[in-house]
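A short write-up of the structure that comes next.
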């Protein structure tokens, strides 16, 4: 009887180990759709297959660091033709429109800023909550890089509103990621 139980346990462990990569890949790739607050575009992860996707989880409400971070990435990221930058705010449509108007200058045309109502995508990606900002409790600022299949390959969680993954560090990280995918 003990021998039979031991064989079943061993069999279950082997099956689990064989299917674990498939299960993990399925859990790491989640399709989602975001609607832009400041234009008519939509972002659908499944339509971005074959490109790297960078999710920028920006803070709710007014944040000058979010503006600077977004501006830097919009201007400088053009050198990465195989990378889609997705800027996400949990604010309502009007708040995002007002905020994104501050991005417009002689170098920028309107760039989509996507809504994450109730920070549901941030929760799905397990961005930590608990940061006190402008009298609200919000998620921390974060940057997540998804590979060509939509699987998370890198994340950076800021400790406060000014702690961001700089574009210079991003270039180094993307070159490392792209190099490992060839």
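The values are calculated or read from the model by the stated rules, or taken from the named source; none is laboratory data. Being a predicted model, the structure only gives us computed values, none of them experimental. All Cβ positions, glycine included, derive from the backbone under ideal geometry; neighbour counts span all protein chains shown.
See the values below:
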{"quantity": "Residue among 89, 102 that alone is over 18 Å from the mean Cα position of the chain (by Cα) and under 19 Å from residue 36 (Cα atoms)", "calculated": "102"}
{"quantity": "Residues being closer than 15 Å to residue 86 by Cα and in a loop (DSSP other than H, G, I, E, B) - total across the stretch 139-150", "calculated": "4"}
{"quantity": "The stretch 105-138 - residue that is assigned to a strand (DSSP E or B), over 12 Å from the mean Cα position of the chain (by Cα) and modelled with pLDDT of 90 or more and, of those, surrounded by the fewest Cβ atoms within 10 Å (Cβ to Cβ)", "calculated": "115"}
